[in-house]
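Heads up, the thing below is written out as structure tokens.
The values are calculated or read from the model by the stated rules, or taken from the named source; none is laboratory data. Every value quoted in this text rests on a predicted model; they were computed, and no experiment measured them. When we count neighbours, we look across all protein chains shown, and the Cβ atoms used for this are built from the backbone with ideal geometry, even at glycine.
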Amino acid sequence: MTVQGWTFLFVACTFGLYLFVAWRARVRDTGGFYVAGRGVPAIANGIATAADWMSAASFLSMAGIISFLGYAGGVYLMGWTGGFVLLALLLAPYLRKFGHFTVPDFVGDRFESQTARLVALLCALFVSFTYVAGQMRGVGIVFARFLEVDVTVGVVIGMAIVFVYATLGGMKGITYTQVAQYWVLIVAFLIPVVAISWQLTGQPVPQLGMGSELTSSGQRLLTTLDQIHSDLGFTSYTEPFTGSWDKVNVFCTALALMAGTAGLPHVIVRFYTVKNVQAARWSGFWAIFFIAILYLTAPATAAFSRYYVFESLHGKTEQQLPEWFRTWEQTGLVVWLDDGDGEVAYHGDAQAEQNEVFRRGSLGADAFGQLRDDHAAWLASGGAAGVDGRAVLRDKGLSGPDRDIMVLAMPEMAGLAAWIIALVAAGGLAAALSTASGLLLVISSSVVHDLYYRMIRPTASERQRLKLSRIAIGVAVVIAGLFGIYPPGFVAQVVAFAFGLAASSFFPVLVMGIFSVRVGTVPAVVGMVAGIGFTASYILSTVFFGGERWCFGIGPQGIGAVGMGVNFAVAGLLTPLCRGPSEEAKQMVAKIRAPEQDGTAPPAAGH
Amino acid sequence: MPSASDRIQAARRRHWRRNVTLTLCLLAVWAAVSLGCGVLLADALNAYTFVGAPLGFWFAQQGAVITFVILILVYALLMGRLDRRLKHELEQLEREAGQ
């Protein structure tokens, strides 16, 4: 059977499974819809959180990023998992004890301010939509490459599936489909990398294989990579602080990602679904355990795929080029523009003039076809006519293959069986869909619960709210799908923006709300606005208006760490000058600090 | 002799203080391993090799994540113990008040 046949089979089977699980877990009330009736066992919630957490970015992009960045790629590993530690230790148990539905709910009640609620709500919506756009792009890539359907058709199928199980089952349906999706994605991630580790180093455990000797040369894999990198003009694979990733930027980016991750609303809301505080702590442990299985393997995937890229491309002639290059070339995610010697040359920034491997990027297929013809004319005329396509792509910053293909292409690079390649495609879809569904639920609950019910019409009945929630998911799915079909060209920058915003707004305000009984309305709101204002203006000026990186040369990805500091500092300075929280808010803090099953704590409030 | 409600308050305050101390200790380890060994000291640690990888590189890509899993496990275990201790203390105070 061909790769395409296997992919159809796997995708159909897994989608059928998700719909079946959702049908079994369908719900009829808002409690079930938003927080799965608070009856999810800790380990199941841990698995679901892991699937929710690990997006298309974790599955498809992260190993690819590490593969190209080497040491600096570790900031994503440390940032995303380190943020989970902050979430599990500082936020999850207390927010579970608070016992409402959403994060804006907590901010609004604790700081007794509709303004605070609204700011938190807008941040939640912005972060969620940014994230959903990324997931839909992941779905589009997988469909376009493996099922050879149009990206639009692929996104529409994905949207339909998410819509059905999210509206049918709400949080409960999503939780149990996420459990199924976790197993699909983790099996799909592990099987190829174990096979490749065995093949390259004779060591089946990929984490150990990464540090082992290659069976072909007897030299260590990482040493080999460092050597290839320096020979071909790339910065070292294992050496830290190369290029634009100096110590300040690595530090700030890691910190901003950590605080930003801890503030992601779709992950926080997962902790509302378990029975009690103890279960929230244990589901935090199970979640990081199941996340770590993938996150500890990704660096190995990165190193192996980096090795294969050089092995299978550099110095090869037209006839020797591997099959995977041919298939991915059609998507434009990797292209070759020869300098006339008939051999592929793949070089890094230090030898950029000699590099012949590029990606099409945001250039359309027609524009690129034109460029390719111009380049051929330039070659044929010996530089007299046409255009050197390599210089054009180099100036656009499109050197090297697209990093998103590394995980999907690696089984093909290693020549693994067709069914394994198809399995990876199904895994990528599982990662994208599980995260998208969690986010859609946050969007729906933010709009219907926080905005409509808490701010506009507090008299809305349960049935009205449930119906509106389903409509809101429908609208959100359509908007997310449009993002997937017409991806904005600046997705990467917007994602940096989302993390920066979460780090400079949610994280400080939640920590202060729980750990301080002195911070009142004014310091919290002013701090949040100052943090967001600083971060947003810095990112907007440096990314979109080409401004200078005046703050210690920190890039837009790391500035959220400083924004967080601004938020804490402003709130801290204003606290002694402003009125503290009311008795009610103080009692609320006391309540969320008490472990709930001690018999004397006041009963948990309804929503 | 302080009243029963004062002693309940005191027991709760002790529980919260221990909770905060534990959290701070775990966060100190969190920062030392990830931002410390994985970033600030990475260039110095790279002089050593661990399971075939330079040590600073290994901390950034493996060691930090392994530590995170252990930290959350320790947190869940120790907080469970703290909660049981508070429950025990409060039950005892209630019994004394009933006598």
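Picking from residues in region A:144-164 that are at pLDDT below 75 and in a helix (DSSP H, G or I), the one that is surrounded by the fewest Cβ atoms within 10 Å (Cβ to Cβ) is A:Leu147.
Within region A:351-369, the set of residues being of a type in the set (Gly, Ala, Ser) and exposed (fewer than 14 other Cβ atoms within 10 Å of the Cβ) comprises A:Ala352, A:Ser362, A:Gly364, A:Ala365, A:Ala367, A:Gly369.
Of all the residues in region B:23-39, those that are within 9 Å of chain A (Cβ to nearest Cβ) and under 9 Å from the mean Cα position of the chain (by Cα) number 3. Checking the structure you have, find out if any residue of region A:264-275 is more than 10 Å from every other protein chain (Cβ to nearest Cβ), part of a helix (DSSP H, G or I), of a type in the set (Ser, Thr, Tyr) and surrounded by 22 or more Cβ atoms within 10 Å (Cβ to Cβ). Scanning region A:264-275 turns up at least one residue that is more than 10 Å from every other protein chain (Cβ to nearest Cβ), part of a helix (DSSP H, G or I), of a type in the set (Ser, Thr, Tyr) and surrounded by 22 or more Cβ atoms within 10 Å (Cβ to Cβ).
Evaluation of A:Gly315 against the conditions (1) more than 10 Å from every other protein chain (Cβ to nearest Cβ); (2) assigned to a helix (DSSP H, G or I); (3) within 30 Å of A:Asp338 (Cβ to Cβ) shows that the sole unmet condition is (2).
Residues in region A:87-104 that are away from every other protein chain (no Cβ under 14 Å) and at pLDDT 85 or above were compared, and the one that is surrounded by the fewest Cβ atoms within 10 Å (Cβ to Cβ) is A:Leu95.
Name the helices (runs of 4 or more DSSP H) wholly within region A:1-91 that hold at least 1 residues that are closer than 23 Å to A:Ala422 by Cβ? Give the derivation first.
Working: elements: A:3-24, A:30-35, A:42-53, A:63-69, A:74-86.
Answer list for region A:1-91: A:3-24, A:42-53, A:63-69.
Right, A:Leu222: assigned to a helix (DSSP H, G or I), in contact with a Ser or Thr (Cβ under 7 Å, 6 or more places away or on another chain), within 14 Å of chain B (Cβ to nearest Cβ) and not charged (D, E, K, R) or not? Here the answer is yes, as A:Leu222 does meet what is asked. When A:Leu321 is tested against (1) aliphatic (A, V, I, L, M); (2) over 27 Å from A:Leu221 (Cα atoms); (3) without any contact (Cβ under 8 Å) to a residue 24 or more places away in the chain, exactly one condition is not met: (2). When A:Gly79, A:Gly74, A:Gly46, A:Gly70 are checked against the criterion of being closer than 20 Å to A:Thr130 by Cα, within 12 Å of chain B (Cβ to nearest Cβ) and touching a Phe, Trp or Tyr at 6+ places or on another chain (Cβ under 9 Å), A:Gly79 stands alone in meeting it.
When B:Ala11, B:Ala60 are screened for being more than 7 Å from chain A (Cβ to nearest Cβ) and either at pLDDT 90 or above or closer than 25 Å to A:Val517 by Cα (or both), only B:Ala11 passes. Please indicate, with yes or no, whether at least one residue in region A:285-293 is under 20 Å from A:Gly31 (Cα atoms) and not acidic (Asp, Glu). Taking every residue of region A:285-293 in turn, none turns out to be under 20 Å from A:Gly31 (Cα atoms) and not acidic (Asp, Glu).
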